[in-house]
Amino acid sequence: MTWKPNVTVAAVLEREGKFLLVEEETDEGIRFNQPAGHLECRESLTDAVIREALEETGYRFVPQYLVGVYNWRNEARDVTYLRFAFAGEITGHDAQRPLDEGIIAARWLTFDEIRALEDRHRSPLILRCIEDWLAGKRYPLDLITHYT
């Protein structure tokens with residue numbers, strides 16, 4: 001059997017000192033995460049994060065930076081994730097759009113509020129991505145090449 005990581009994307013969205021997280025139902029109970037999800041077949045990484053942000057929050061997102069690439073092993077679930085985190089601009093919001101199944105709500109929270117909820121984070125990558133954003137980590141999108 002060939003081992004493969006789960007490739008995921010995440011949006012690090014900040015507005016007026018608050019970050020957008022999703023509150024969602026998981027097998028481990030209600031958890032918080034960035035708008036995030038799995039890369040689909042033939043999809044570019046940037047298209048994936050645009051889609052996930054819209055599906056999970058109703059916000060239209062235009063990626064402008066790569067914040068980082070994260071390799072995390074969830075030993076409890078026997079799964080490895082390779083996460084590409086993006087930041088950029090929010091260009092609109094559809095408050096009437098139904099959110100993905102399992103998403104309870106999109107929540108704007110301060111960094112301190114997010115840190116206080118750490119025991120309810122879906123992964124340790126949530127804080128790390130925000131910390132990297134706050135530290136000024138912003139890489140050009142042309143680091144990523146998508147061949148069609």
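What follows is calculated from the coordinates using simple rules that are stated; it is not laboratory data. Just so it is clear, the structure is predicted and the values come from calculations on it, not from any experiment. Note: ideal-geometry Cβ built from the backbone for every residue, glycine included; neighbour counts use all protein chains shown.
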>> Can you pull out every residue in the stretch 23-55 that is within 9 Å of the chain's Cα centre (by Cα) and not polar (S, T, N, Q)?
In response: P35, A36, G37, V49, E52, A53
> In the stretch 43-60, which residues are touching a residue at least 24 places away in the same chain (Cβ under 8 Å) and either more than 17 Å from I126 (Cβ to Cβ) or of a type outside the set (A, V, I, L, M, F, W, C) (or both)?
Replying inline: S44, L45, T46, A48, E52, L54, E55, E56, T57, G58, Y59, R60
> Of the residues in the stretch 67-81, how many are under 12 Å from the mean Cα position of the chain (by Cα) and either more than 20 Å from V22 (Cα to Cα) or not hydroxyl-bearing (S, T, Y) (or both)?
Replying inline: 3
> For N33, which of the numbered conditions (1) farther than 23 Å from N71 by Cβ; (2) touching a helix residue (DSSP H, G or I) at 6+ places or on another chain (Cβ under 7 Å) fails to hold?
Replying inline: (1)
>> Among the residues of the stretch 119-136, what is the count of those that are under 19 Å from K18 (Cβ atoms) and part of a loop (DSSP other than H, G, I, E, B)?
In response: 3
> Only one of E56, E16, E75 is closer than 15 Å to A105 by Cβ and either of a type in the set (D, E) or in contact with a Leu (Cβ under 6 Å, 6 or more places away or on another chain) (or both); which?
Replying inline: E56
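Here's the yes/no breakdown for (1) in contact with a Leu (Cβ under 8 Å, 6 or more places away or on another chain); (2) within 16 Å of L13 (Cα to Cα):
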site: L66; (1), (2): yes, yes
site: Y70; (1), (2): yes, no
site: R83; (1), (2): yes, yes
site: I90; (1), (2): yes, yes
site: I103; (1), (2): no, no
site: T110; (1), (2): no, yes
site: I130; (1), (2): no, yes
site: W133; (1), (2): no, yes
site: G136; (1), (2): no, yes
> Looking at the stretch 61-90, which of its residues are in contact (Cβ under 8 Å) with a residue 40 or more places away in the chain and within 19 Å of G102 (Cβ to Cβ)?
Replying inline: N74, V79, Y81, R83
